[in-house]
Amino acid sequence: MSFERTYPVIMAGGGGTRLWPLSRADRPKQSLPLLEGRTLFQLAVRRLLPAFSLDRIRVVTVQPLVQQLVEQVPELSEQNFLIEPSPRGTASVIGLAATVLRRKDPQAIMACLTADHLIGRPDRFLQLLAAAETLVGELVPAVKGLRDALNKKAKKFDKIVKIGRTHLMD
């Protein structure tokens, strides 16, 4: 299984409220050793390693959690982390990661993943990610072609409207 264009992005922020009282703002659920002494964040990274090199994995989080997450997976460099300037929810996290990846690699495919899910069949999960990469690779050229065709139609429509306005004003 070879991922040539995909960058896994692990969303690892969180306010520590959903698993209260175990989790807190300074120790959200992905940082708790819940499964055989491992945290959900550790499991999220480990399930990617058979298919992705560490330099392709990105983690989006808030500054106060970076050191804690680096300690959980010391192989990850702080350069793997994208710091959310101010928590604004999932859409802003995805937007930040997409912007950074687009600058790094305009052909990048982003797989948005969470740090706090348990996935029982990591091998099957990676197979599904590979299928998704293939599908995106096939769809992107089609979508670009559709966009170009729609742009041409829109330009023709604009010309028709301008001609119509001209004749209506005379």
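The values are calculated or read from the model by the stated rules, or taken from the named source; none is laboratory data. Since we're looking at a predicted model, the values are computed, not measured. Quick reminder, even Gly has a Cβ in these numbers, built from the backbone with ideal geometry, and neighbours come from all protein chains shown. Accessible surface is based on the protein model in full, side chains and every heavy atom, while ligands, DNA and RNA are left aside. Shrake-Rupley method; radii C 1.70, N 1.55, O 1.52, S 1.80 Å.
Which of the residues that make up the range 56-86 are in contact with a helix residue (DSSP H, G or I) (Cβ under 9 Å, 6 or more places away or on another chain) and of a type in the set (A, V, I, L, M, F, W, C)?
57, 59, 60, 65, 66, 69, 70, 73, 76, 81, 82, 83
Does residue 56 qualify as being at pLDDT 85 or above and not small (Gly, Ala, Ser)?
It is true that residue 56 is at pLDDT 85 or above and not small (Gly, Ala, Ser).
So that you can scan it fast, the table gives a plain yes or no per residue for (1) of a type outside the set (Val, Ile, Thr); (2) on the phi > 0 side of the Ramachandran plot:
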| residue | (1), (2) |
| --- | --- |
| 36 | yes, yes |
| 40 | yes, no |
| 50 | yes, no |
| 55 | yes, no |
| 59 | no, no |
| 66 | no, no |
| 69 | yes, no |
| 73 | no, no |
| 78 | yes, no |
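Which residues, counting only those in the range 96-116, are among the β-branched types (Val, Ile, Thr) and surrounded by 13 or more Cβ atoms within 10 Å (Cβ to Cβ)?
If the condition is that a residue be among the β-branched types (Val, Ile, Thr) and surrounded by 13 or more Cβ atoms within 10 Å (Cβ to Cβ), then 100, 109, 114 are the ones that fit.
Considering every residue within the range 18-38, establish whether at least one is at pLDDT 85 or above and touching a helix residue (DSSP H, G or I) at 6+ places or on another chain (Cβ under 9 Å).
yes
Only one residue in 93, 66 is farther than 22 Å from residue 124 by Cα, of a type outside the set (Phe, Trp, Tyr), without any contact (Cβ under 8 Å) to a residue 40 or more places away in the chain and open to solvent by less than 50 Å² (accessible area, probe 1.4 Å). Which one?
66
How many of the residues in the range 79-90 are surrounded by fewer than 12 Cβ atoms within 10 Å (Cβ to Cβ) and either aromatic (Phe, Trp, Tyr) or farther than 16 Å from residue 56 by Cβ (or both)?
3
May I ask you to verify whether residue 133 is open to solvent by less than 40 Å² (accessible area, probe 1.4 Å), under 14 Å from residue 48 (Cβ atoms) and acidic (Asp, Glu)?
So residue 133 passes the test.
Check off (1) over 19 Å from residue 9 (Cα atoms); (2) modelled with pLDDT of 85 or more; (3) among the basic types (Lys, Arg) for residue 104 and give me the number that stays unchecked.
For residue 104, the exception is condition (1).
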